[in-house]
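The values are calculated or read from the model by the stated rules, or taken from the named source; none is laboratory data. These figures come from a predicted structure and were not determined experimentally. No Cβ is skipped: glycine too gets one built from the backbone with ideal geometry, and neighbour counts run over all protein chains shown. For the accessible areas, the whole protein counts, side chains as well, though only heavy atoms, and no ligand, DNA or RNA atoms are used. Shrake-Rupley method; radii C 1.70, N 1.55, O 1.52, S 1.80 Å.
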Amino acid sequence: MKLYNLKAAPNPRRVRIFLAEKVIAVPLVEIDLAKGENRTPEFLAKNPLGLLPVLELDDGSVITESVAICRYFEEQQPTPPLFGATLLERARIEMWNRRAELEVMLPLIDHFVHTHAFWQGRRLQSAEVGELARDTALKRMAWLDAELAAREFLAGERYSMADITLQCALLLGKNTGAPIPETLTHLSRWFAAVTARPTARA
Ligand SMILES: N[C@@H](CCC(=O)N[C@@H](CS)C(=O)NCC(=O)O)C(=O)O
């Protein structure tokens, strides 16, 4: 088994943190975007979208999509239950994970792709689209700040996949010019706590 990885990117980081929380070791194959290693015919045969992460099983089967990869390992090793242990917990984690992904991670990725020098010549860029995306992400951060006033973790009292998605999204924002505003004390408290976990360095 191997996990095709991009060291600094939020989606592969989600899977690495998830695996670290489960204490599961999977060999990593580093892909270099600058060298176009995600666009080679060999890589595109594994994922025609050219996106990371990709999990390759020993029989050659391939799983893409961070959440699908994490669910594979959750089924294989249910403890600790990062997708929830009860019907209600599973639904809440699904809900908050989707919100973290769609409402926060996607705008922060759009902001990064539309404003960062790395993507010049690789993607069409619009500074205006980038700024709009940053605005959306900041509004969503304010919303989550209010949510986190009432509980320790995003989906309840237990660390979950939803927290992993949000922390990876907000780390991208922090590193690319869209950090959590200091006035958002509950979100900042939560971010400090989740990024202090030893698994955050995975
Ligand atoms: N929905 C996919 C998104 C994967 C994705 O966008 N990966 C980014 C890194 S975070 C990537 O590989 N980008 C390379 C590119 O756009 O060329 C997932 O959750 O795995």
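Summary of values
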quantity	calculated
Top-ranked residue of the range 1-50 - restricted to ones that are of a type in the set (A, V, I, L, M, F, W, C) and more than 23 Å from ILE164 (Cα to Cα), ranked as most open to solvent (accessible area, probe 1.4 Å)	LEU49
Where a residue in the range 14-43 is closer than 27 Å to THR195 by Cβ and its partner, wherever it lies, is part of a strand (DSSP E or B), with Cβ under 6 Å and at least six apart	VAL26/LEU3; PRO27/LYS2; LEU28/LEU3; LEU28/ASN5; VAL29/LYS2; VAL29/TYR4; GLU30/ASN5; ILE31/TYR4
Those residues of the range 84-96 which are surrounded by fewer than 17 Cβ atoms within 10 Å (Cβ to Cβ) and farther than 18 Å from LYS22 by Cβ, in sequence order	THR86, LEU87, LEU88, ALA91, MET95
Test: residue in the range 67-83 that is of a type in the set (A, V, I, L, M), open to solvent by 50 Å² or more (accessible area, probe 1.4 Å) and touching a strand residue (DSSP E or B) at 6+ places or on another chain (Cβ under 9 Å)	no
Qualifying positions in the range 114-128 - charged (D, E, K, R) and within 12 Å of the ligand (Cβ to nearest atom)	ARG122, ARG123
Residue ID - nearest to the ligand (Cβ to nearest atom), chosen from residues in the range 85-104 that are touching a helix residue (DSSP H, G or I) at 6+ places or on another chain (Cβ under 9 Å) and of a type in the set (A, V, I, L, M, F, W, C)	ALA100
